[in-house]
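Heads up, the thing below is written out as structure tokens.
The values are calculated or read from the model by the stated rules, or taken from the named source; none is laboratory data. Just so we're clear, the structure is a prediction, and the values are computed from it rather than from any experiment. FYI the Cβ positions are ideal-geometry reconstructions off the backbone, even for glycines, and counts take in every protein chain you see. Ligands, DNA and RNA are excluded from the accessible area calculation, which covers all protein heavy atoms including side chains. Shrake-Rupley method; radii C 1.70, N 1.55, O 1.52, S 1.80 Å.
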Amino acid sequence: FGKNWERDDIDAPGLKGAHTVFKDNQDNLWYVFGRSLYRISFHAVNHHEIANETQPMRWAMRDRLGRTWISNRYNKRIAIYGKDNTLTGYLSADGTLSESEAKFPARVYVIFQDSYGTVWIGSKPNGLYCVREYAPGLFRIDNINTGNSRLNDNEVIDIAEDSQHRIWICGFRNGLSCITNAAEIARSASPSIASVVKI
């Protein structure tokens, strides 16, 4: 019936009964047979494979428009797939989506979208990129590791946002950096990311 069945055999030496069946509040079936207790779980198949233009993948992120951003493990490509999982294009260095396999400026290790809609891309060795879509399929891409906005590390491997909307950037070698003005960046036509706190 299009579902996976999973059975767990739980050894219960003191258990008595035969063919006793009951259901829990997660719709698992439990039954007793001999000295064992069994659980049968019904899991809906809720995944499907998308096209493999980006194999092997390093990172994948679904944005709030339902698109999936995928970076390739060995090259500088970022592929963006639509809600229907068909390839929309490759994000190029100039912020356009290309049908051909355009390259991003650096190898991408993490892609993260904050609560304001800004996409943050962590790379190696070019640090952090701030990506904002200003028209369908057109993006402004700013590298954060320039001027006075230097991070602790040019090798970014993870990004997170806290409840105060600060953006935390984890470097591979030199610890954390924190961007405290994410809201200003989201509203600005020309972002200044001067509020970098090095931890």
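Given the residues Gly137, Gly82, which is the only one that is touching a residue at least 12 places away in the same chain (Cβ under 8 Å), over 24 Å from Ser188 (Cβ atoms) and open to solvent by less than 30 Å² (accessible area, probe 1.4 Å)?
Values: Gly137 fails: over 24 Å from Ser188 (Cβ atoms).
After applying the criteria, what remains is Gly82.
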TODO: Output the residues belonging to region 110-128 that are surrounded by fewer than 19 Cβ atoms within 10 Å (Cβ to Cβ) and farther than 15 Å from Ile167 by Cβ.
DONE: Lys124, Pro125
Open item on the list: Checking the structure you have, find out if any residue of region 1-19 is open to solvent by 80 Å² or more (accessible area, probe 1.4 Å), in a strand (DSSP E or B) and modelled with pLDDT of 65 or more.
Closed with: no
Open item on the list: Checking the condition among the basic types (Lys, Arg) and modelled with pLDDT of 85 or more, which residue from Arg39, Arg58 passes?
Closed with: Arg58
Task: Residue among Tyr31, Tyr81 that alone is in contact with a Leu (Cβ under 8 Å, 6 or more places away or on another chain), closer than 24 Å to Leu138 by Cα and either at pLDDT 95 or above or not acidic (Asp, Glu) (or both) - done: Tyr81
Task: Residue check, Arg107 modelled with pLDDT of 90 or more, of a type in the set (Lys, Arg) and either under 19 Å from Pro56 (Cα atoms) or open to solvent by less than 10 Å² (accessible area, probe 1.4 Å) (or both) - done: yes
Open item on the list: Against the conditions (1) surrounded by 18 or more Cβ atoms within 10 Å (Cβ to Cβ); (2) in a loop (DSSP other than H, G, I, E, B), where does Val131 fall short? Just the number, please.
Closed with: (2)
Open item on the list: Quick check on Arg73: is it closer than 20 Å to Ile157 by Cβ and either modelled with pLDDT under 90 or surrounded by fewer than 18 Cβ atoms within 10 Å (Cβ to Cβ) (or both)?
Closed with: yes
- [ ] Restricting attention to region 134-188, report how many residues are of a type in the set (Val, Ile, Thr), in contact with a Leu (Cβ under 9 Å, 6 or more places away or on another chain) and part of a loop (DSSP other than H, G, I, E, B).
- [x] 1
